[in-house]
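The values are calculated or read from the model by the stated rules, or taken from the named source; none is laboratory data. Source: prediction; values computed, not measured. Using ideal geometry, Cβ is built from the backbone for each residue, glycine included, and neighbour counts are taken over all protein chains shown.
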Amino acid sequence: MRRRRILATGLAVTAAVAFTAVPAAAQAMSVSATGQCASPTVGSVRLDVTADIENPAYFGPRPEARRITGTATVPWTGLAGLGATAVEGTATVKLAVSGTVTSTSTVTLRFPKTPVTPGQDVVVNVSGYTGTTYSPNNATGYSYVDVTGVDLALRPWRADGTPVRPVSGISTSCPLPTPARWMAIRTDSIIGEPFPAPNGTRVTAVTTDSVTMVWNATYGLMGPPSGYEILVDDDSAFRVLNGNNTLTGSVTGLRPDTDYWFRVKGVSLGGERRSDPILVHTAPTHSAYYYDVAGSARVKGAAVALTGQQITDIELATATHTSNLTFAPTDIRLGNSGTARAEFTPVGPATGSLNGGVFTVKSRQKVVLPRVTLRGRTYTTPECSTELVLTLTSGPNYNPVWGGKLTAAFAIPPFSGCGPVTDQVNAAVAGSGNTAQVQLAPWT
C-alpha cells in the first residue's frame, strides 16, 4: 500500500492518504422498519431489506451502487376488501444521512405482481439499488443512514385480470414513528485504485426479449481490460473476451414486459468496478385497455340506451385484438304497444383490429327479452332470444389510450321462444336498418 500526502478538496488541512488496488470490503447491512400508512386500506408496511455495503469505504473513488433485496409486508384485509387477488408496485424508502455527511435521500424498490391470499399478510419481494453518496466526499469519518419512512404505490388486480379501480392504484405515505438505523459506514483515508467502471453506459435498443447496450472504453493502471461484461440484476449475462475494442453488446432471452437492471464492467485481473445500474423495461407483446361504454342505439327509430364495459387486449405485432364487450340490461320500446327488458351476453370474445388509425370491434351478442309488456300486460319470457352481430368502427386517428367514438349499422334477427308475444316482438324490433353509437372512455 503506497502512501502520500495530499490536499483534500474542500479541506483546509493536508492528510496522509494511502493508495491500494485492493477493493473495499463489503459488509451486509440490514434494516427492519414498520411505518403506519395514511391510507386506511393499507394500514401499515413492514420493510425488511439488506445490501452489501462498502465498509470501510475509501476516501475515493465513490462507493458503488449496491443491490438491495428483501421484503415488504402489508395486511391483507384492506386489499382483499377491494376485491384484489394480486398486487404490484413500488416502495420508495426515505433516508436520512447523518455524521460526516448530512443529507436526505430515497431509494425506490420494485416488486412484481404478488398474490393476495385471505387470512395471510401480503409479503412481496422487493429489489433495487442503493445510492452512491452515503459516504463522505473527500473526507474521512462516519456516516449513518436511517430509514424515516416508506411511500407505497400499489396497483391491485382482480381475479379476472382487470385492475381494481381507480386504475392509478393506491399511493400512501407510511412514516416511521422513530428512524430505524440501516447503515453505519466508516470512510478511511485510503484511495482505491480498482479497475474503473466504463462510463457513458446507455441502452440503444429494447425489444420484447432483448436489450442492446453501448459504453465508452475504460482503462486501468495496467491498460485496457481483456473484455467487457454486461450484468443483468448483477448476474453475468454477456461477456466478450479479447475484445477490449468491443463497446457494445446485446442480451437475449429476456421476458417481455419485465423490469431488469443493467450495468457493465471491464474484465481484468479482479477488483473491477461496475457502472451505475440502468433500469430497463422490455417491450410488451400485448397492450391491455379498459373502457366504460356509453351510448345509444336506434331500433326501428326508437332510442335504446346502451351502457357497459369493454376490456381490450391488442397483440402489438399484428395490431389485432380480442375484447370482452358487455352491455348492461336496458329497455327496448315495442312500437307504441309496450316495452321489453333486454339482457345481453357476449357469444365468445369480440375481435377486430387497429389498422391505419381505425379501430374495429366485431361482437356477437345473445339478446334475451325475459320480460315483455304489451298493452299493459306483462309476460315472463325467459327463452325469448336472438343473436346479433355488432360491428363497431371508429373514425380516423383512433388512439386506444384515449378511447373514442364507434358506430355501427346492424340487423336484429327474429326472436324465438317468446310464446304468445313472438309475432308482436318481431314486428316491433326484428329487421335491418338499426344503428348504434358508443363512446369508449378509459377507466379512471
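Taking (1) at pLDDT 90 or above; (2) surrounded by 17 or more Cβ atoms within 10 Å (Cβ to Cβ); (3) among the hydrophobic types (A, V, I, L, M, F, W, C) in turn, Val214 satisfies each apart from (2).
Could you check, for region 392-403, whether at least one of its residues is at positive phi, out of contact with any helix residue (DSSP H, G or I) (no Cβ under 8 Å at 6 or more places or on another chain), part of a strand (DSSP E or B) and surrounded by 16 or more Cβ atoms within 10 Å (Cβ to Cβ)? Within region 392-403, one or more residues are at positive phi, out of contact with any helix residue (DSSP H, G or I) (no Cβ under 8 Å at 6 or more places or on another chain), part of a strand (DSSP E or B) and surrounded by 16 or more Cβ atoms within 10 Å (Cβ to Cβ).
Inspect all residues belonging to region 291-306 and state whether any of them is assigned by TED's automatic domain parsing to the domain that holds Thr407, buried (at least 16 other Cβ atoms within 10 Å of the Cβ) and outside any strand (DSSP E or B). Yes; the residues of region 291-306 include at least one that is assigned by TED's automatic domain parsing to the domain that holds Thr407, buried (at least 16 other Cβ atoms within 10 Å of the Cβ) and outside any strand (DSSP E or B). Taking Thr106, is it exposed (fewer than 14 other Cβ atoms within 10 Å of the Cβ) and either of a type in the set (A, V, I, L, M, F, W, C) or within 18 Å of Leu47 (Cα to Cα) (or both)? So Thr106 passes the test.
Only one entry of Thr73, Thr77 meets the criterion of being of a type in the set (Ser, Thr, Tyr), without any contact (Cβ under 8 Å) to a residue 60 or more places away in the chain, within 18 Å of Pro40 (Cα to Cα) and touching a Lys or Arg at 6+ places or on another chain (Cβ under 7 Å), and that entry is Thr73. Restricting Gly433, Gly376, Gly395 to those that are out of contact with any Ser or Thr (no Cβ under 6 Å at 6 or more places or on another chain) and modelled with pLDDT under 95 reduces the list to Gly376.
Taken over region 195-233, residues that are over 30 Å from Ser287 (Cα atoms) and touching a strand residue (DSSP E or B) at 6+ places or on another chain (Cβ under 7 Å) amount to 12.
Scanning region 86-102 for residues that are surrounded by fewer than 19 Cβ atoms within 10 Å (Cβ to Cβ) and assigned to a loop (DSSP other than H, G, I, E, B) gives Thr100, Thr102. Going by what's in this entry, would Val167 be described as touching a residue at least 40 places away in the same chain (Cβ under 8 Å), of a type in the set (Val, Ile, Thr), outside any strand (DSSP E or B) and within 29 Å of Ala72 (Cβ to Cβ)? Spelling it out, Val167 is indeed touching a residue at least 40 places away in the same chain (Cβ under 8 Å), of a type in the set (Val, Ile, Thr), outside any strand (DSSP E or B) and within 29 Å of Ala72 (Cβ to Cβ).
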